[in-house]
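Notes follow once the structure below has been shown.
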Amino acid sequence: MTGAGQEDGADAAASFEPLRPKLMRVAYRMLGSVTDAEDAVQEAFIRWMRADRSVVREPEAFLRRSVTRLCLDQLKSARRRRETYVGPWLPDPVVAEEQEDDVTLPLMLALERLSPLERAAFLLHDVFGLAFEEVAATIQRDPSTCRQLAARARTHVREERPRFQVEKQRGLELAEAFFNASRSGDMKALSSMLAADVSIHSDGGGKRPAATRPIIGYEAVMRVHRVLANLFRKSASKLVRTAFVNGLPGFITLESDGELQTTALDIEDGKIAAIYVVRNPDKLRHLH
């Protein structure tokens, strides 16, 4: 590309790049996969390069529509892949220093139960604050249909909206205390942190050892951690850092096999109600 073509490409990039983080937020929350979200955003950029940008009054709206429609197409194949996924499926971990509470990990799992259009209507209206007229233009349905889609979605996900906002420092302290107790085998300290109906959800994707179904209840979770404590004594698990993982307090570790792992803790009334562990290396590449 030379001359006018280079200038045209530079203009397209200059107007697109400031919007990339917002578009990634939409795509990731639609898909639950960092790689798939990056692909959708990059495809939107290619379409932006080819578009007649002189007639686009609102680039952000145009690009958001492009990304959302690409994600709707992507969700059809993603659903097929998840039907054959080995063990529990968890979204790719997004790690941040600050707590983002608009879409936490439990809510992302609830979104998986929605149809692609319900998911889009809920995210665009309830999370990103778009008017239903804009939602309608984006997903190519009339506004009344979009209202119904969002209302149905709201009913499904109501229980998973963040209810117990843990103070940032307290959340990270609990995460570090959980790491120390679980790795050192301090079962007394560990037991004091867990809720009666605590659960473990571990995603190995068939590529690393992980439970193939959720482990539910205090006694079952304690049994698992007694076994794990023996393993950790022989093969160290190193804390890389505490952070927020998909909006929940958690941490990144380097495990004895040389692979990273993320752990996120859903904390309710000061107790750990759910433990989410991502071990699938395909979902952790972006953290290296």
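Selection over the range 117-139 of residues that are free of Cβ contacts under 8 Å to residues at least 12 places away in the same chain and either on the phi > 0 side of the Ramachandran plot or aromatic (Phe, Trp, Tyr) (or both) gives a count of 1. With respect to Thr35, is the statement that it is modelled with pLDDT under 95, over 19 Å from Ala137 (Cα atoms) and touching a helix residue (DSSP H, G or I) at 6+ places or on another chain (Cβ under 8 Å) true? Spelling it out, Thr35 is indeed modelled with pLDDT under 95, over 19 Å from Ala137 (Cα atoms) and touching a helix residue (DSSP H, G or I) at 6+ places or on another chain (Cβ under 8 Å).
Just give me the residues in the range 146-192 being among the hydroxyl-bearing types (Ser, Thr, Tyr) and modelled with pLDDT of 95 or more, in sequence order. Scanning the range 146-192 gives Ser182, Ser191, Ser192. The numbered conditions (1) under 27 Å from Gly129 (Cβ atoms); (2) aliphatic (A, V, I, L, M); (3) out of contact with any Pro (no Cβ under 7 Å at 6 or more places or on another chain) are all true for Leu75 except (3).
Comparison of Ala264, Ala243 shows that the only residue that is under 20 Å from the mean Cα position of the chain (by Cα), closer than 28 Å to Thr84 by Cβ and not basic (Lys, Arg) is Ala264.
Kindly indicate whether Ser237 is assigned by TED's automatic domain parsing to the domain that holds Gly258, modelled with pLDDT under 95 and either of a type in the set (Val, Ile, Thr) or surrounded by 14 or more Cβ atoms within 10 Å (Cβ to Cβ) (or both). So Ser237 passes the test. Selection within the range 28-53: residues that are part of a loop (DSSP other than H, G, I, E, B) and without any contact (Cβ under 8 Å) to a residue 12 or more places away in the chain. The member of this set that is surrounded by the most Cβ atoms within 10 Å (Cβ to Cβ) is Ala51.
Taking each residue of the range 54-66 that is closer than 16 Å to Ala13 by Cβ and looking for partners that are at pLDDT 95 or above and aliphatic (A, V, I, L, M) with beta-carbon atoms closer than 7 Å, six or more apart or interchain, yields Pro59/Leu19; Glu60/Leu19; Leu63/Leu19; Leu63/Leu23; Leu63/Ala44; Ser66/Ala44.
Residue by residue, here is whether (1) surrounded by 12 or more Cβ atoms within 10 Å (Cβ to Cβ); (2) outside any strand (DSSP E or B) holds:
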{"position": "Ala220", "(1), (2)": "yes, yes"}
{"position": "Val224", "(1), (2)": "yes, yes"}
{"position": "Arg233", "(1), (2)": "no, yes"}
{"position": "Ala264", "(1), (2)": "yes, no"}
{"position": "His286", "(1), (2)": "yes, yes"}
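If you scan the range 80-92, which residues turn out to be closer than 22 Å to Ile267 by Cβ and touching a helix residue (DSSP H, G or I) at 6+ places or on another chain (Cβ under 7 Å)? Of everything in the range 80-92, those that are closer than 22 Å to Ile267 by Cβ and touching a helix residue (DSSP H, G or I) at 6+ places or on another chain (Cβ under 7 Å) turn out to be Pro91, Asp92.
If you go through the range 62-84 and pick out every residue that is surrounded by fewer than 15 Cβ atoms within 10 Å (Cβ to Cβ), at pLDDT below 90 and out of contact with any Phe, Trp or Tyr (no Cβ under 8 Å at 6 or more places or on another chain), you end up with 7.
Close contacts from the range 142-160, counting a first residue that is assigned to a helix (DSSP H, G or I) and a second that is among the β-branched types (Val, Ile, Thr), with Cβ to Cβ under 6 Å and a gap of 6+ residues or different chains, come to Cys146/Val135.
The values are calculated or read from the model by the stated rules, or taken from the named source; none is laboratory data. Just so we're clear, the structure is a prediction, and the values are computed from it rather than from any experiment. All Cβ positions, glycine included, derive from the backbone under ideal geometry; neighbour counts span all protein chains shown.
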